[in-house]
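First the structure, in the form of structure tokens, and then the observations on it.
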Amino acid sequence: MRRKKLFLIIIGIVFLCFALALLYTIFSDNDNYKYFTGLGSTISIAPDDSQIAFSYYIDGEESIYTASPNGTDVRQITDDSNTRDHNPSYSSDGSKIVYMSENNNGIQTLQVINQDGSDKKQLTNRDMHVRDAIFSNDGETIFFIGIEAEEYNKGEQSREGFDLYSTQIDEGTISKLTDADHFSMDDLSLSPDGQTIYYSEFDGKGDRIYSYSLEKENITKQAPIIPKEIVEEQSFHSPQLSPDGEHLAFTDVANEAEGNSLFEYELFLLDLTAYDVEKLTSLENSIESPVFFHSEDKIAFLEYTNWAQDPAEYQLMTIDLTSHNIKKMELDLPASTNEKLLMRLIDQSINSFTLAILYMLLVGLLSVFCHYYYYPRKTYLPSIVSFSIAVLTFIASILVAMMMNAWYGIALGMLAAGIFGCSVVVVLFVFIFKRLVR
């Protein structure tokens, strides 16, 4: 009798641990960056090349920083623990920086601040989600990509898309420049004369460059600066126009990586006068955010060193366009404070593997309990129930995918597969156990 009671206590403890771990997994923040310390995904270079602006995480808190090109004089210019600040871009005179500020719901607002961190100003409210932004040549207007926050939260269910907007810094008025409802829209660039805005959109096959004329107020789906034959052969990811408008830097899948399941994005340069495309790197990783220096024949970019893991770890690099010499830019950045070390350890210990172990242990213990304290043929009953849960979950995944949300359906399908796998392991355990205790 005592052994039966002890057995029930052990089963109760395992069930409690499994239930608590499951609830923690469901309701905890699944953000991969909440403890991360490292560079963000975009950079910007001041017009006189004296500073580089970038975002940097310290224990999950992302802020805008500036530094000298030699990596010294690192300064934090934004400090808001309630938002994540990223995507900085300098004004034409280098006095201001525009950036995105992201709240806990993933909605990004447009912010502008002096390059020394003073006079911060919010330009859009939480009703709009902003993706990218650049200054006009006179520094008085900001052009940005936006979508209604309500529509953005709908994801693929939304009937609206991204469009180009402008706002006057002093007046605060917002004007909608396009009504194209782009499915995707990124990487703004401005022509040297300030009259044409370039951006990229994924058309289902690759990233294409569109142009918008401020004078004619119309969109050209094939930017006239790029010949049609190059457009048909090339995909332009993270495109960036040079300050003189004579070159276009971009990343694309390297030819030798096209057959791999994990694409490698290298840096390319398009000469807009000779129309030659030149591959600049062979790092066999993923390159992001190429940016031209203004007075030097160089490009700065970010190498995604742990491609394609999450959180992304970036290394700031430069390449000389004449010698093709690549150098690392070592930044004197602050280290992690380890203030969240305990919560990080808890998060790392409670994961899908932990849940699977606890679930199999619980079903296995119930099987042993049935064998000893009920008719031995009932030993497989917990496994049968587990298989039934897997089947019901799979059916629910199909219904959810058809009637509600495809991604939720996929998630339930993966859960069903996990339960089914655990059930198979338990059946094998019971099969061996019954033969050992005969």
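Every read-out reported here was derived from the displayed coordinates using simple, explicitly stated rules and does not represent laboratory data. Not measured: the values here are computed from a predicted model. Ideal geometry is used to build each Cβ from the backbone, glycine not excepted, and the neighbour counts take in all protein chains shown.
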With just the Cα atoms defining each centre, how far is segment 281-322 from segment 74-91? Give it in Å.
20
Measure off 7 Å from each Cα along the Cα-to-Cβ vector at residue 425 and residue 121, then give the distance between these two points in nanometres to one decimal.
5.8
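Please identify every one of the GluC sites (Glu not before Pro) in segment 50-115 that sits in a loop by DSSP and has no more than 16 other beta carbons within 10 Å of its own beta carbon. Working shown, then result.
Values: sites: 61, 62, 102; in loops: none.
When the GluC sites (Glu not before Pro) of segment 50-115 are filtered for loop state and at most 16 Cβ neighbours within 10 Å, nothing remains.
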GNM on the chain, Cα springs under 10 Å; top mean-square fluctuation among 152, 380, 314 goes to 380
Quotient of Cα Rg and 2.2 N^0.38 Å for the chain, N being how many residues it contains
1.23
Lysines whose Cα lies under 30 Å from that of residue 4, excluding same-chain neighbours fewer than 8 positions away:
378, 434
About the Cα centre of the chain, how large is the charge dipole given +1 on each Lys and Arg Cβ and -1 on each Asp and Glu Cβ? Please answer in debye to the nearest 20.
4820
For residue 340, give me every one of the lysines with a C-alpha distance below 29 angstrom, ignoring sequence neighbours fewer than eight places off in its own chain.
34, 120
Could you pull out every one of the lysines with an alpha carbon less than 16 Å from that of residue 298, ignoring same-chain neighbours closer than 8 positions?
279, 327, 328
Connecting every pair of Cα atoms under 10 Å apart in the chain and solving the GNM, the largest mean-square fluctuation among 75, 377, 131 falls on 377
Starting with the highest mean, order 115-122, 2-9 by the number of other Cβ atoms within 10 Å, averaged over the residues of each peptide.
115-122, 2-9
Consider all pairwise Cα distances in segment 9-135 and report the whole-number % of them above 17 Å.
61
Mind checking which of 421, 94, 38 has the largest fluctuation in a GNM of the chain, springs on alpha carbons under 10 Å?
421
With n ≥ 4 as the cut-off for DSSP H runs, can you work out [θ] at 222 nm for the chain, using -39500 (n - 2.57) per run divided by the number of residues, rounded to the nearest 500?
-9500 deg cm²/dmol
